[in-house]
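The block underneath contains the structure these notes are about, expressed in structure tokens.
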Amino acid sequence: MADRRRAIPPLIRQLAGDPLGLGRSAQSERSARLAPRTAAADRVVQSVCPYCAVGCGQKVFVKDERVIQIEGDPDSPISRGRLCPKGAASEKLVNSPMRETRVKYRRPGGTDWEYLSLEQATDMIAERLIRTRRETWEEETDGGQPLKRTLGIHFLGGATLDSEENYLIKKFFTAMGALSIENQARI
Ligand code: SF4
């Protein structure tokens, strides 16, 4: 049917129901065959852009349990289907080959990055956290009032942390006696 229609000269096609020539009468053979990349998705998951405080709604398109595209969610009362360039590119947060997935470490005085295993990095963080807490612990004021705190540990979270992660981080660091706990998360 589409092939038959394209055999008709464009002007005739336009006169037959597309007077402004902006619809199917202007369609090339190639564009007639195009399909949105989201058409191949197995399912769509509603989410929230992880980048900033606006909290725009996103639709995450999944195929074979992999994210294939992320677009604005028209059902979001906040963004009504729109995403800024950063949010519109957030599929790259998941799939970019440039995404760093290894632990990078530059030791004091070092000039190059080293790669550590996650286990080794976790052990190093835990050891420093425990040591710093022990060395900076303040049990009470000079006047004997209870303090039970450390000013040697601070926490600054990232934008891709979600509410549940931040809940646990806040509980953990408060229990450790830290006072300065902040995050940038909006999810
Ligand atoms: S799409 Fe842009 S404006 Fe919206 S939450 Fe993401 S970064 Fe913020």
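The values are calculated or read from the model by the stated rules, or taken from the named source; none is laboratory data. Because the structure is a prediction, the values reported are computed rather than measured. Here the Cβ positions follow ideal geometry from the backbone for every residue, glycine too, while neighbour counts run over all protein chains shown. Side chains are part of the model used for accessible areas, which takes the heavy atoms of the whole protein and leaves out ligands, DNA and RNA. Shrake-Rupley method; radii C 1.70, N 1.55, O 1.52, S 1.80 Å.
Remarks
- Considering the stretch 96-144, the residues that are of a type in the set (D, E, K, R) and in a loop (DSSP other than H, G, I, E, B) include one that is nearest to V67 (Cα to Cα), namely R99.
- In the stretch 40-60, the qualifying residues are those that are in contact with a helix residue (DSSP H, G or I) (Cβ under 8 Å, 6 or more places away or on another chain) and open to solvent by less than 20 Å² (accessible area, probe 1.4 Å), and the one that is nearest to the ligand (Cβ to nearest atom) is C49.
- Extreme residue, nearest to L93 (Cα to Cα), among residues of the stretch 27-38 that are open to solvent by less than 70 Å² (accessible area, probe 1.4 Å) and either within 16 Å of the ligand (Cβ to nearest atom) or small (G, A, S) (or both): S31
- Selected residue (criterion: nearest to the ligand (Cβ to nearest atom)) from residues of the stretch 87-108 that are exposed (fewer than 14 other Cβ atoms within 10 Å of the Cβ) and of a type in the set (D, E, K, R): K92
- Residues in the stretch 61-86 that are assigned to a loop (DSSP other than H, G, I, E, B), crowded, with 16+ Cβ neighbours inside 10 Å and of a type in the set (G, A, S) were compared, and the one that is farthest from the ligand (Cβ to nearest atom) is S76.
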